[in-house]
Amino acid sequence: MTIAALDPPPFPTRNILGVEISVARQREAIEFLLGRLAARVATRVAFANANLLTELSAQPDGTRPLDGFLVLNDGIAVDLASLALYRLWFPENLNGTDLIPALLAAAPRGTRVFLYGAKPEVVAQAAAVIDEQYGCLVCGAVDGFSGAAPEAIAREAAAAQPDIMLVALGNPLQEEWTAAHAAATGAALTIGVGALFDFLAGAVPRAPEPMRRLRLEWLHRWAHEPGRLRRRYTFGMAQFFRLVLRQARG
């Protein structure tokens with residue numbers, strides 16, 4: 001399936017570190033994606049958090065892996081960047097952990113979903129949850145530690161004929177994989193979902209609702225995974241805001 005360019009973009013955008021991030025509410029984003037799903041128009045989706053934008057900014061090809069993606073805002077740091085650059089907050093925090101379950105719940109019953117990423121036991125449990133709670137059919141699942149070549153994963157997904165492909169490799173690996181291989185899977189929607197499978201499987205606890213409303217889920221995750229996230233939420237965050245300040249001055 002050929003990837004269809006988002007031309008013109010479906011929503012207004014704000015450029016943050018070279019990435020055009022859509023300005024939308026969750027309901028609007030889901031309605032747009034359901035329309036693309038129904039029409040079988042191949043669409044790639046990324047959630048731009050501070051870590052993804054910083055990682056891509058350091059690469060030789062910069063943010064080009066996100067060309068042609070629908071990019072949605074994720075996290076308080078991107079909101080603060082928008083405030084610094086445009087004097088405006090984003091209307092809602094469109095993190096994938098909340099948006100993707102809402103999308104699956106709204107999709108037609110029996111929608112075929114393929115999962116790629118996370119540990120074997122995590123992706124298996126996430127598949128069971130999606131089958132049981134969202135009325136979707138998980139038509140295949142491959143963990144992120146299988147060692148299979150990226151092209152082989154795309155072929156396996158294509159054989160399963162998915163409508164939606166969820167890729168949980170962490171960023172920027174999941175976005176790079178999607179940019180290179182989404183078309184080969186035949187999925188209408190290919191979405192980088194970060195730690196979603198861990199949350200669905202119960203391997204990582206969600207923050208309490210009050211913390212989520214205040215956009216402080218990052219603090220909850222740091223408390224539960226300090227070793228893995230310390231560098232991201234200290235050095236990485238400082239680098240992100242240095243880059244935003246450079247853009248503001250430029």
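None of the figures in this text is laboratory data; all of them are computed from the coordinates on show. All values derive from a computational prediction rather than experimental measurement. Quick reminder, even Gly has a Cβ in these numbers, built from the backbone with ideal geometry, and neighbours come from all protein chains shown.
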For helix 76-86, what angle does its Cα long axis make with the longest principal axis of the chain, in degrees from 0 to 90 and rounded to 10? 50 degrees
Point-charge dipole on Cβ atoms (K/R +1, D/E -1) for region 13-249, about Cα centre, debye to 20: 700 debye
Give, as a single signed number, the net charge of other residues whose beta carbon lies under 12 Å from the beta carbon of Ala148, with Lys and Arg counted +1 and Asp and Glu -1. -2
Can you sort Met165, Met237 so the residue with the fewest Cβ neighbours within 10 Å comes first? Met237, Met165
Length gained when the stretch Gln161-Ala180 is fully extended (0.36 nm per residue, less Cα-Cα span): 5.0 nm
Rounded to the nearest 5, the percent of DSSP beta bridges in region 13-249 running antiparallel is 15 percent
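Take each of the peptides 156-163, 114-121, 27-34, average the number of other beta-carbon atoms within 10 Å over its residues, and list them starting from the highest.
Sorting 156-163, 114-121, 27-34 by mean packing, highest first, produces 114-121, 156-163, 27-34.
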For the pair Arg40/Asp61, report the inter-label distance in nm, with labels modelled 7 Å from Cα in the Cβ direction. 2.8 nm
Tell me the mean residue ellipticity at 222 nm calculated for the chain from its helices only (DSSP H runs of n ≥ 4, each -39500 (n - 2.57), averaged over every residue, nearest 500). -14000 deg cm²/dmol
Given Cβ charges of +1 for Lys and Arg and -1 for Asp and Glu, the option among Pro150, Val204, Ala184 whose Cα lies farthest towards the positive end of the dipole of region 128-217 is Val204
Between Gly117 and residues 5 or more places away or on another chain, the pairs with built amide H atoms under 5 Å apart involve Val142, Asp143, Gly144, Ala168
Using a 10 Å cut-off on Cβ atoms, rank the peptides 83-92, 50-59, 238-247 from the highest mean neighbour count down. 50-59, 238-247, 83-92
Nearest 10 degrees, 0 to 90: what angle lies between the long axis of helix 150-160 and the longest principal axis of the chain (Cα atoms)? 50 degrees
Rounded to 10°, Cα long-axis angle of helix 96-106 versus longest principal axis of the chain: 40 degrees
